[in-house]
Amino acid sequence: AAKDGGRGRYHFYATDLHADAEARAEMEGDLRDAIAKGELQLFYQPVVASASEQIAGFEALMRWHHPVKGWIPPNLFIESAEETGLIQQMGDWALRQACEDVANWPESVRVAVNVSPIQFSNPQLPAIVTGAVSRAGIDPSRLELEITESVFLNDDAGTDAMFAALKGIGVRLALDDFGTGYSSLGYLKKAPFDKIKIDQSFVRGATEEGSRNRAIIASITSLAHALGMDTTAEGVETLDELDLVRMHGCSHVQGFIYERPLSFDKASELLSSGLAAVARGPQSSRAPR
Ligand code: C2E
Ligand code: MG
Ligand code: MG
Ligand code: MG
């Protein structure tokens with residue numbers, strides 16, 4: 001078709017498609033190598049309990065150390081992994097690795113692992129989770145699975161059965177990026193979540209005067225509280241944001257204000273040394289008057 005000189009536009013379109021297909025094939029090959037050569041790593045970002053300001057757990061976040069391109073963030077490869085189906089293998093590995101890692105930490109510390117909708121629709125997922133937990137010898141309640149609203153796109157008997165099976169294992173379930181997708185209160189009612197993670201897009205700008213995000217944060221936290229669920233505010237970067245989400249009763253906070261995602265070694269060091277207190281100036285709304 002590219003030789004069809006009479007239709008220039010089609011020619012360019014075909015060329016672009018070709019380049020696209022080439023890039024995809026290259027990515028797929030690179031990802032297969034990455035899995036085989038152990039280039040994937042889990043980094044760990046502290047999740048801090050609001051009441052104690054102690055580390056309640058860590059979220060495992062995948063990183064790819066490419067031999068030539070260096071560190072690659074998940075936003076650049078998770079989608080390809082999902083399209084090619086490689087996410088299945090990568091996700092199994094992440095579950096096993098995270099369970100193995102958390103086994104080295106105090107019993108009170110949990111680990112949260114992101115689970116792609118592709119993994120969620122695999123009937124083998126409960127067996128994979130059980131395998132990871134028992135191999136590491138950890139209590140299942142120390143593992144939290146982060147699931148996004150997109151699993152409800154094909155909301156059917158299979159979805160309900162999967163939630164029941166995972167809940168039956170004793171792992172915790174968190175609804176990730178809440179509010180960014182197809183938010184429906186219907187599934188909050190029936191899915192057995194232990195936690196709602198408030199997406200960082202609501203935290204960002206929430207401190208501005210008259211912000212609508214503030215009303216959204218307030219209603220999500222009160223809803224979660226009424227349903228007996230924890231809430232984590234994601235992406236908290238500033239002291240004002242921290243004070244705001246704490247004031248609205250978020251039970252947990254995750255964000256650069258405390259720590260960025262860390263290597264396993266650095267996360268382990270942090271657990272021993274303790275989280276540094278966030279410096280609060282005299283202007284802090286929480287300072288005694
Ligand atoms: P997520 O699960 O919502 O993870 C939170 C993201 O917010 C992480 O990005 C984290 O580094 C970032 N973040 C945390 N605190 C702050 C902050 O204060 N400010 C800003 N600007 N960002 C903050 P990351 O590590 O790049 O991961 C992006 C997304 O990739 C994740 O979003 C998740 O959807 C996906 N992902 C990461 N690891 C995995 C994995 O192992 N499996 C699957 N399926 N998806 C993963
Ligand atoms: Mg997450
Ligand atoms: Mg999130
Ligand atoms: Mg996300």
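The values are calculated or read from the model by the stated rules, or taken from the named source; none is laboratory data. Since we're looking at a predicted model, the values are computed, not measured. Backbone-built Cβ (ideal geometry, glycine too); neighbour counts: all protein chains shown. For accessibility, only protein heavy atoms count, side chains too; no ligands or nucleic acids. Shrake-Rupley method; radii C 1.70, N 1.55, O 1.52, S 1.80 Å.
Data for the structure
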| quantity | calculated |
| --- | --- |
| Boolean, Gln119 is away from ligand 4 (no atom under 16 Å from the Cβ), under 30 Å from Ser183 (Cβ atoms) and not hydrophobic (A, V, I, L, M, F, W, C) | no |
| Segment 266-286, residues that are assigned to a loop (DSSP other than H, G, I, E, B), at pLDDT 80 or above and not aliphatic (A, V, I, L, M) | Gly274 |
| Residue check for Ile198: in contact (Cβ under 8 Å) with a residue 40 or more places away in the chain and in contact with a Phe, Trp or Tyr (Cβ under 9 Å, 6 or more places away or on another chain) | yes |
| Residue list for segment 156-182, filter: hydroxyl-bearing (Ser, Thr, Tyr), more than 14 Å from ligand 3 (Cβ to nearest atom) and open to solvent by 30 Å² or more (accessible area, probe 1.4 Å) | Tyr182 |
| Filtered residue count, segment 222-252, keeping only those that are in a helix (DSSP H, G or I), under 20 Å from Leu188 (Cα atoms) and open to solvent by 10 Å² or more (accessible area, probe 1.4 Å) | 4 |
| Residue count, segment 57-75 (criterion: open to solvent by 30 Å² or more (accessible area, probe 1.4 Å), in a strand (DSSP E or B) and away from ligand 2 (no atom under 12 Å from the Cβ)) | 3 |
| Residue check for Glu100: open to solvent by 40 Å² or more (accessible area, probe 1.4 Å), touching a residue at least 24 places away in the same chain (Cβ under 8 Å) and either part of a loop (DSSP other than H, G, I, E, B) or out of contact with any strand residue (DSSP E or B) (no Cβ under 7 Å at 6 or more places or on another chain) (or both) | yes |
| Hey, Ile138 hydrophobic (A, V, I, L, M, F, W, C) and closer than 28 Å to Gly85 by Cα or not | no |
| Residue count for segment 86-108, restricted to those that are away from ligand 1 (no atom under 13 Å from the Cβ) and more than 17 Å from the chain's Cα centre (by Cα) | 7 |
| Some residue of segment 251-265 being among the polar types (S, T, N, Q), modelled with pLDDT of 95 or more and under 25 Å from Phe178 (Cβ atoms) | yes |
| Given (1) away from ligand 1 (no atom under 14 Å from the Cβ); (2) under 15 Å from Asp194 (Cβ atoms); (3) open to solvent by less than 60 Å² (accessible area, probe 1.4 Å); (4) in contact with a Leu (Cβ under 8 Å, 6 or more places away or on another chain), number of the condition Pro126 does not satisfy | (2) |
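The rows are residues; the columns are (1) in contact with a Leu (Cβ under 9 Å, 6 or more places away or on another chain); (2) away from ligand 3 (no atom under 16 Å from the Cβ); (3) open to solvent by less than 30 Å² (accessible area, probe 1.4 Å); (4) not in a strand (DSSP E or B).
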{"site": "Ile147", "(1), (2), (3), (4)": "yes, no, yes, no"}
{"site": "Gly186", "(1), (2), (3), (4)": "no, yes, no, yes"}
{"site": "Lys189", "(1), (2), (3), (4)": "yes, yes, no, yes"}
{"site": "Gly205", "(1), (2), (3), (4)": "no, yes, yes, yes"}
{"site": "Ile216", "(1), (2), (3), (4)": "no, no, no, yes"}
